[in-house]
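Data block below; observations after.
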Amino acid sequence: MEATINNRALPGHYPAPLLPKWVLRQPRPAAPVAAPPRAFVMPLSKRLFDLVVAGLVLLALLPLLAVVALLIWLESPGPVLYYSYRVGTNYRIFKFWKFRSMRPNADQQLAAMKSHNQYQATVAEHSAHDCACGGQCQGQLIDKQGNLVCERRHRQARRASEEATFIKIVNDPRVTRVGIFLRNTSIDELPQLFNVLRGDMSLVGNRPLPLYEAEKLTTDQFAARFLAPAGITGLWQVSKRGGKGPMSADERKGLDVQYARNYSLQSDLKILLRTVPALFQQENV
């Protein structure tokens with residue numbers, strides 16, 4: 001057969017084509033994908049401000065730094081400066097410097113001190129049948145033994161068993177006598193001015209976190225805190241410090257995200273001015 005079934009090149013009458021005319025659907029356009037968050041880039045004005053102020057403060061405080069180093073060396077053996085690895089802007093890990101305010105083996109004792117963490121939720125010992133609703137139980141659950149238990153009491157106990165994001169120990173026995181003074185006056189933080197000069201940190205920003213704390217803040221809700229400068233002082237430090245009342249972990253994380261979204265050079269100046277009275281705290285942490 002010289003002509004194909006659907007060929008119309010030759011004259012004559014042909015029946016309808018045997019092959020249907022399929023209507024091909026055009027592929028639907030793909031839904032727009034949200035662009036990944038961009039890495040934080042330090043504004044030039046903020047970086048210049050950090051270099052000038054940190055450099056001048058270091059020059060002015062050199063005699064004080066020398067005296068503090070001598071006192072630490074005289075009280076306990078070990079290095080005068082202490083560093084730990086912290087997670088800062090864009091999840092960058094760097095060496096974070098402080099004056100040593102604890103005994104040299106303090107890090108090895110941290111695991112035994114976590115039960116004294118003020119951020120760790122606690123719940124009093126109660127019977128499984130006790131109600132935490134202050135009256136008639138508003139909701140009940142069935143535990144593994146098949147007993148009815150108060151839902152609110154159950155949630156309190158579960159929260160208490162979870163490990164806290166931050167670690168803050170009041171009256172920490174690992175702190176030396178000189179260290180108590182350094183912490184209460186925040187003098188132990190002064191070596192971080194070298195971190196500012198190196199570009200690891202800024203004067204104002206979100207506090208860089210130890211690795212074990214940072215890995216718990218990788219959720220969409222709180223990861224935004226790392227898209228901001230890492231700083232010596234910040235919004236949460238001046239909000240409820242110096243005897244103004246305890247701050248919960250959720251409040252602290254919320255303030256970090258708030259700063260990351262709204263920071264400016266003007267707000268940084270306000271935080272620096274509020275930092276001066278906040279340096280002298282009443283709690284030994």
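Restricting the first member to region 259-272 and to residues that are surrounded by fewer than 13 Cβ atoms within 10 Å (Cβ to Cβ), and the second to residues that are in a helix (DSSP H, G or I), the beta-carbon pairs closer than 8 Å and six or more apart or on different chains are Arg261/Ala224; Leu265/Ser45; Leu265/Lys46; Leu265/Phe49. Once region 224-236 is narrowed to residues that are open to solvent by less than 30 Å² (accessible area, probe 1.4 Å) and touching a residue at least 60 places away in the same chain (Cβ under 8 Å), the residue that is nearest to Glu189 (Cα to Cα) is Ala230. Going residue by residue through region 43-61, is there one that turns out to be aromatic (Phe, Trp, Tyr), in a helix (DSSP H, G or I) and surrounded by fewer than 16 Cβ atoms within 10 Å (Cβ to Cβ)? No, that holds for no residue.
Filtering Val196, Val238 for residues that are touching a Lys or Arg at 6+ places or on another chain (Cβ under 6 Å) and part of a helix (DSSP H, G or I) leaves a single hit, Val238. Could you say which residue among Gln281, Gln221, Gln258, Gln266 is at pLDDT below 90, farther than 22 Å from Gly179 by Cβ and among the polar types (S, T, N, Q)? Selected residue: Gln221, the only one of Gln281, Gln221, Gln258, Gln266 that is at pLDDT below 90, farther than 22 Å from Gly179 by Cβ and among the polar types (S, T, N, Q).
Here is a yes/no grid of residues against (1) open to solvent by 70 Å² or more (accessible area, probe 1.4 Å); (2) aliphatic (A, V, I, L, M); (3) out of contact with any strand residue (DSSP E or B) (no Cβ under 7 Å at 6 or more places or on another chain); (4) not in a loop (DSSP other than H, G, I, E, B):
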{"residue": "Leu65", "(1), (2), (3), (4)": "no, yes, yes, yes"}
{"residue": "Pro79", "(1), (2), (3), (4)": "yes, no, yes, no"}
{"residue": "Tyr82", "(1), (2), (3), (4)": "yes, no, no, yes"}
{"residue": "Lys95", "(1), (2), (3), (4)": "yes, no, no, yes"}
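Residues of region 171-213 that are open to solvent by less than 20 Å² (accessible area, probe 1.4 Å), within 27 Å of Gln258 (Cβ to Cβ) and at pLDDT below 85: Glu213 alone. Residues in region 199-222 that are in contact (Cβ under 8 Å) with a residue 40 or more places away in the chain and outside any loop (DSSP other than H, G, I, E, B): Ser202, Leu203, Val204, Asn206, Leu209, Pro210, Leu211, Glu213, Ala214.
The values are calculated or read from the model by the stated rules, or taken from the named source; none is laboratory data. Not measured: the values here are computed from a predicted model. When we count neighbours, we look across all protein chains shown, and the Cβ atoms used for this are built from the backbone with ideal geometry, even at glycine. For the accessible areas, the whole protein counts, side chains as well, though only heavy atoms, and no ligand, DNA or RNA atoms are used. Shrake-Rupley method; radii C 1.70, N 1.55, O 1.52, S 1.80 Å.
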